[in-house]
Amino acid sequence: MISMVLVALDIATAIYSAIFGDYPEITLFDATSYRIIYIHVPLAWNMYIAFTLTFAFSLAYLMKENVKYDTIAFCSAVLGILYGLGAIVSGMLWANEVWGSYWSWDPRQTSTLTALLAYIGYMALRTSIPDVEKARSVSAIFGISAYITIPLSYISAVMFRSLHRQLIYQPLSFESHLLLALRVVTSFVLFLFILRIYYRNAIEEVK
């Protein structure tokens, strides 16, 4: 019941954003690019949060050797990859609307793809080691090391010459910022709920 409510709430805020979001009539960008923001931004933030949890609980596992920590790190990595795929696809749609090309090897695009590939590597490494205990330890070390790609992805638009700086020409009103914040919050709550369900199922299999 709770899951249905959270999904419905997330979908409702997405639809509301698409219909009632702030889309200036005189702008360099088509209104579609504004609509995509309400989808792309929550996906990207959830990806960052998921991989941050993988980093934190991988570190906790190495310190405490508690299987629960490793399971959370694993589940977060899986969800981070899914959200990351969504963020990249929606980002490509936004890029095509704004830049006229789905992929431009922009620093933010490239660094985010690198982060996604790093954690796909985390999953591949983990599943390639037959010894369970060794797989947990090695993947935890890798999960910590791969985290460097996350802050790099976030600050890449500032550190390097990036097309993402064109966002200053796509301003949002105060009301639209609140609406975007609501989208981020509802999407994050849904992410936590999915993570909790996934963790419960995964920990049962470990036992």
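The values are calculated or read from the model by the stated rules, or taken from the named source; none is laboratory data. Nothing here was measured: the structure is a model prediction, and the numbers come from that model. Glycine also receives a Cβ, built like all others from the backbone with ideal geometry; neighbour counts cover every protein chain displayed. Surface areas here come from the heavy atoms of the whole protein model, side chains and all, with no ligands, DNA or RNA. Shrake-Rupley method; radii C 1.70, N 1.55, O 1.52, S 1.80 Å.
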Which one of the conditions (1) at pLDDT 85 or above; (2) open to solvent by 50 Å² or more (accessible area, probe 1.4 Å) does Val184 fail to meet, given that it meets all the rest? (2)
Does Gly121 qualify as being open to solvent by less than 30 Å² (accessible area, probe 1.4 Å), without any contact (Cβ under 8 Å) to a residue 40 or more places away in the chain, under 21 Å from Phe193 (Cβ atoms) and in a helix (DSSP H, G or I)? no
Conditions (1) of a type outside the set (A, V, I, L, M, F, W, C); (2) under 14 Å from Ala146 (Cα atoms); (3) open to solvent by 20 Å² or more (accessible area, probe 1.4 Å); (4) modelled with pLDDT under 95 -> Ser111 fails only (3)
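Table: residues versus (1) over 20 Å from the mean Cα position of the chain (by Cα); (2) modelled with pLDDT of 90 or more; (3) under 24 Å from Ala95 (Cα atoms).
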site: Ser17; (1), (2), (3): no, no, yes
site: Asp30; (1), (2), (3): yes, no, yes
site: Pro42; (1), (2), (3): no, yes, yes
site: Leu53; (1), (2), (3): no, yes, no
site: Lys64; (1), (2), (3): yes, yes, no
Collect the residues in segment 65-107 that are buried (at least 24 other Cβ atoms within 10 Å of the Cβ) and charged (D, E, K, R), keeping them in residue-number order. Asp70
